[in-house]
Every structure is written in structure tokens, then in C-alpha cells.
1. Pick out the one residue from 381, 343, 337, 362 that is without any contact (Cβ under 8 Å) to a residue 40 or more places away in the chain, in a helix (DSSP H, G or I) and crowded, with 22+ Cβ neighbours inside 10 Å.
2. Any idea how many residues of the range 423-460 are in contact (Cβ under 8 Å) with a residue 24 or more places away in the chain and over 18 Å from residue 310 (Cα atoms)?
3. For residue 150, indicate whether it is without any contact (Cβ under 8 Å) to a residue 40 or more places away in the chain, in a helix (DSSP H, G or I) and on the phi < 0 side of the Ramachandran plot.
4. Based on this model, can you work out whether residue 295 counts as over 19 Å from residue 392 (Cα atoms), buried (at least 22 other Cβ atoms within 10 Å of the Cβ) and within 21 Å of the chain's Cα centre (by Cα)?
5. Residues that are modelled with pLDDT under 85 and either more than 30 Å from residue 321 (Cα to Cα) or touching a strand residue (DSSP E or B) at 6+ places or on another chain (Cβ under 8 Å) (or both): which helices (runs of 4 or more DSSP H) entirely in the range 29-134 hold 3 or more of them?
6. Just to be sure I understand, how many residues within the range 84-125 are touching a residue at least 60 places away in the same chain (Cβ under 8 Å) and over 10 Å from residue 58 (Cα atoms)?
7. Restricted to the range 416-439, and to residues that are loosely packed, with under 12 Cβ neighbours inside 10 Å and at pLDDT below 90, which residue is nearest to the chain's Cα centre (by Cα)?
8. Considering only the range 189-204, I want to know if a residue exists there that is under 21 Å from the mean Cα position of the chain (by Cα) and farther than 29 Å from residue 30 by Cβ.
């Protein structure tokens, strides 16, 4: 019971932060899309995708590995202290290598040099990032409160100082600088959990193999989540990257609720499996699937139906090409939503080989599909390639779960929520016939979708909804 409360508490904390993470772009994205324009936004996205490759080397798989290992020794104060310092020293080494490589890159980069220089702040933030430790300890309060303050500050700074198209460098500085500040603010809380280590007993190298096992699939993930923007910028232009990145940003905003759940699931599942409680692990698995599918289906249907309203209202004029991209990318709700759950469990079960095979296959498929589709279809080709890669990864990961977790349970969950989603979609389609494209219409459509879907779930006495209503009445 205490463990279930911990999951719910951490989910509320993480969801609160993710809601803020939604609200911030709701303010900044429409503003920035109008002030900077698609080309400048595409330039920022393109340069950020290049910088992220160095971040991949700096992290070296220590985020997922660190969360899992810290979660497994939560109750061992001395052990987790030694573990933290060993992992941090390993991160320090890999981040130093990434920094040296980045400096070499800066010396030869001819275009966007100012933006790359500013993003040295991002490189510094990788070194100081210890969010993985608090997530492993299942203390999401620290990361939520600190990062929330930093995000609010970033909004204020953007609205104050980014005023015209030439202010792209200011926008980049604010984004990178606040990320660095957010990582710095977590350090004062560390002393509550970690004491002085036995310096002579530190063995960072013993974690190299485990981190490398998760680093290899991280390369694959980077390929089919970031390489699409890099290839799009190289094979077309940064305007196409702007259309693509803005549509992708909307999908990420809507997916935030799902990511909040999987972020909490990993440390809890790791701790439960470390204790050998497979029955409780299966319970968490099924509850997570139920909750995810309950959200995935209406999110997908609603995004498809209101994309032609959302893009003009949210991004402004000049982003019409993003409508089709948003429709294609909305399929990621399904593939990423289930794939993240399966991937989290594989990592917790220490089945890195299965995890690696899945993301490697997805990376290869994405690379080939991008090369074939981008020259012909531009940003739409990149979107289709991303969906295909994520679907490939999801299917392989689900097969990797084995008999311990019921794969057929996912199909049953989709069938359970499909009727309510279908009725909601019919209602929305009918309303679109009489509503014009404007902000009020978008709010009416969104509110109606939530109301209709929620009412249908209550009427059918959906357990996830009905149990909460019964508890509140008591």
C-alpha cells in the first residue's frame, strides 16, 4: 500500500511539472513561432540536433543506468553514496571527452558559429545533471520544484528579450542558460542523501559495462529522434526543419502526461523487481497499460480531427505545411506510449540485449526511410520515417517482455477504450461542420472531446475513473 502511495505521489509531482512543461510552451511556442518565423526556428532546431550528439557521448547511458542502480539500493545509505560518486566520476570523464570533441567541432564549424558557442552552456549542463539520482531515489519533489522555477524564469526572459527575428541568439542563450541553472539548483539537496564517500574504495570503471550496454541503444534512439531534423536540414532547408520541429513540439506537449507516468514507473519497477515481487510488478504493468491506453486513443483521434484548427491558431500564419505533419506524427502517441512502457520494463529486467536490438532496428529503419523519403516528400517523409521506426521498436520490445508480462493485455485495453473514442470522434467531426477556425472554436472542440469521452467512461463504470470517484465521495 505504501509503495502504491509512493507511485501516486511521485506521479502527481511529476505530472504537476509536466503540466507546467505544457503551459510554458503554450505561452512561448505561439509567441516564438510568430516572432522568429519557421526559418529561424528551423535553424535553432537544426543546431540543437547537432549539439545533442555530443550530449549522447557525455551521458553514456548513465541516466537510465543510474536511475535503475540507485533505485535498487534506496535503503542502503552507504551503498548509494558510493554508487553516486562512482557514477558522477564516470559522467565527469565522458562529459570531458564530449567537451573536448565539441571544442574541436567549434574550431571547424563555419555556419551558425554564434549559436554553437552559446550552446556551450548545454555542454556544461550535462556535467552537472544529477536528476537521475533523485529519480532513482523516487524523490521527484526536488526536480519538480527546482525545474519549475527555472521554466517560469525562462518564460519571463523570453517574453522580455526576444522581440524580433534577429533575436535568435538571445532565445538560444535563454534556453541553454536556464537548463544549466536548473541542473545547478539540484546540488544543494544532495547532501541529505549522500555523505562523504570512501575515496579509495571508489571504482567508477565497474559501471562502464552497464552504462555502455544502455549507451548503445541510446545511439539508436538518438538516430530516430534527432537525426531526422539533422538530415532534413542537410537534404532540404531549415524552413522545412521549422515546420517539422513545430509539429513535433505539439506532439511532445500532448504526450507529456504519458511521459510523466513512465518516468515514475522506472525507479518503482526497478525497486520492486530487485525485491523479487513479480506479482506487484505485474500489477503496476497492467495499471500503467490501462492508464496509457485510456489517454492514447482519444489523444490520437482528437489530434487528427483538430489539426487543421490547432496549427493556424497555435502557430499562426505560414505554418500550413505543419498540419499534415501533425496528423502523421500523432501516430507516435500509440507507438511511443506503449513502447516507452515496454522499454522501461526491459531496462528494469536488465534485458539490455532485447532493448538494444529494438532501438538498433528502429535506427536503421529510420535512417534508410529518411534517405528515401526526405528527397521526395520533405518534412512529411521525415515524419513518416519516425512513425515507422517507432512502430518497429515497439513491436520488438513487446516481444522481448516474454511470458512474464501479458502482451495480449495491451490489445484488450485498446478494445476496451475504442468505443468511447469512436463516439467522441463522431461528435467532434459533427461540431467541425459548424465551427470556423478560431481560438474559441478550438477551445470548444477540445473541451467537448474531454467532456464526451470522460462522460462515456463514467457511464460504463471504467475502473480507473469509477474507483477514484468512489473514493472522493467517501
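The values are calculated or read from the model by the stated rules, or taken from the named source; none is laboratory data. If you're wondering where the values come from, they're calculated on a predicted model, not measured in any experiment. Note that each Cβ is placed from the backbone with ideal geometry, even for glycine, and that neighbours are counted across all protein chains shown.
1. Working: 343 fails: without any contact (Cβ under 8 Å) to a residue 40 or more places away in the chain; 337 fails: without any contact (Cβ under 8 Å) to a residue 40 or more places away in the chain; 362 fails: without any contact (Cβ under 8 Å) to a residue 40 or more places away in the chain.
Exactly one residue qualifies, and that residue is 381.
2. Of the residues in the range 423-460, 6 are in contact (Cβ under 8 Å) with a residue 24 or more places away in the chain and over 18 Å from residue 310 (Cα atoms).
3. Details: without any contact (Cβ under 8 Å) to a residue 40 or more places away in the chain: yes; in a helix (DSSP H, G or I): yes; on the phi < 0 side of the Ramachandran plot: yes.
Against the criterion (without any contact (Cβ under 8 Å) to a residue 40 or more places away in the chain, in a helix (DSSP H, G or I) and on the phi < 0 side of the Ramachandran plot), residue 150 qualifies.
4. Numbers: over 19 Å from residue 392 (Cα atoms): yes; buried (at least 22 other Cβ atoms within 10 Å of the Cβ): no; within 21 Å of the chain's Cα centre (by Cα): yes.
Criteria not met by residue 295.
5. Values: elements: 37-59, 62-72, 77-108, 113-118, 120-128.
In the range 29-134, 37-59, 62-72, 77-108, 120-128 are the helices (runs of 4 or more DSSP H) which contain 3 or more residues that are modelled with pLDDT under 85 and either more than 30 Å from residue 321 (Cα to Cα) or touching a strand residue (DSSP E or B) at 6+ places or on another chain (Cβ under 8 Å) (or both).
6. 10
7. Residue satisfying both the conditions and the ranking: 439.
8. Going residue by residue through the range 189-204, those that are under 21 Å from the mean Cα position of the chain (by Cα) are none.
Looking through the range 189-204, none of the residues is under 21 Å from the mean Cα position of the chain (by Cα) and farther than 29 Å from residue 30 by Cβ.
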